[in-house]
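The values are calculated or read from the model by the stated rules, or taken from the named source; none is laboratory data. If you're wondering where the values come from, they're calculated on a predicted model, not measured in any experiment. Cβ placement follows ideal geometry from the backbone for every residue including glycine, while neighbour counts extend to all protein chains displayed. Calculation scope for accessible area: heavy atoms of the full protein, side chains included, ligands and nucleic acids excluded. Shrake-Rupley method; radii C 1.70, N 1.55, O 1.52, S 1.80 Å.
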Amino acid sequence: MSILQVNKLKKSFDQLQVLKQISFDVDKNDVIAVIGPSGSGKSTMLRSLIHLEEIDGGSIAVHDEFLVNEGIYSSPKQIKQITSRMGMVFQHFNLSPI
Ligand SMILES: Nc1ncnc2c1ncn2[C@@H]1O[C@H](COP(=O)(O)OP(=O)(O)OP(=O)(O)O)[C@@H](O)[C@H]1O
Ligand SMILES: [Mg+2]
């Protein structure tokens, strides 16, 4: 059973199309590596999964519950419920230069 389903995810920053119809599933116990050149959209994709970016189209479902379904986001309450169970270690995770 998939715990994460991503379908045709699209995201642009103004004219720059970063994510062009990205689709993949993650099953229980999968360990996934996302690889690609700098600027190819890896962080943007991850940020989208936890709703730090709003996507322009496509679907994201966690445990069969839609965060966003064909570009339509679930209610703020549902979004919070879904994303509160997800985490991300930021690329530049230090908040202070020390
Ligand atoms: N908030 C933003 N506003 C405008 N452009 C952005 C924004 N965030 C990312 N971008 C652009 O989107 C593209 C993808 O960036 P992203 O950080 O997702 O790439 P990446 O694959 O994580 O790169 P790296 O390997 O360097 O971490 C880049 O061209 C970046 O400049
Ligand atoms: Mg990155």
- If you take the residues in the stretch 55-98 that are aromatic (Phe, Trp, Tyr) and open to solvent by 60 Å² or more (accessible area, probe 1.4 Å), which one is modelled with the lowest pLDDT? Phe93
- Note on the structure: Residue pairs qualifying under the 7 Å Cβ cut-off, at least six apart or on distinct chains, with the first in the stretch 38-59 being farther than 18 Å from Glu70 by Cα and free of Cβ contacts under 8 Å to residues at least 12 places away in the same chain and the second being open to solvent by less than 50 Å² (accessible area, probe 1.4 Å) and within 9 Å of ligand 1 (Cβ to nearest atom), are Lys42/Gly36
- Message: List pairs: first residue in the stretch 7-33 and more than 23 Å from Tyr73 (Cβ to Cβ), second residue surrounded by 15 or more Cβ atoms within 10 Å (Cβ to Cβ) and not aliphatic (A, V, I, L, M) anywhere in the structure, Cβ distance under 6 angstrom, at least six positions apart or on different chains.
- Response: Asp27/Ser2
- Item | Within the stretch 72-88, considering residues that are assigned to a loop (DSSP other than H, G, I, E, B) and free of Cβ contacts under 8 Å to residues at least 24 places away in the same chain, the one farthest from the chain's Cα centre (by Cα) | Ser75
- Task: Determine which member of the set Ile32, Ile50 is loosely packed, with under 12 Cβ neighbours inside 10 Å, within 16 Å of ligand 2 (Cβ to nearest atom) and under 14 Å from the mean Cα position of the chain (by Cα).
- Result: Ile32
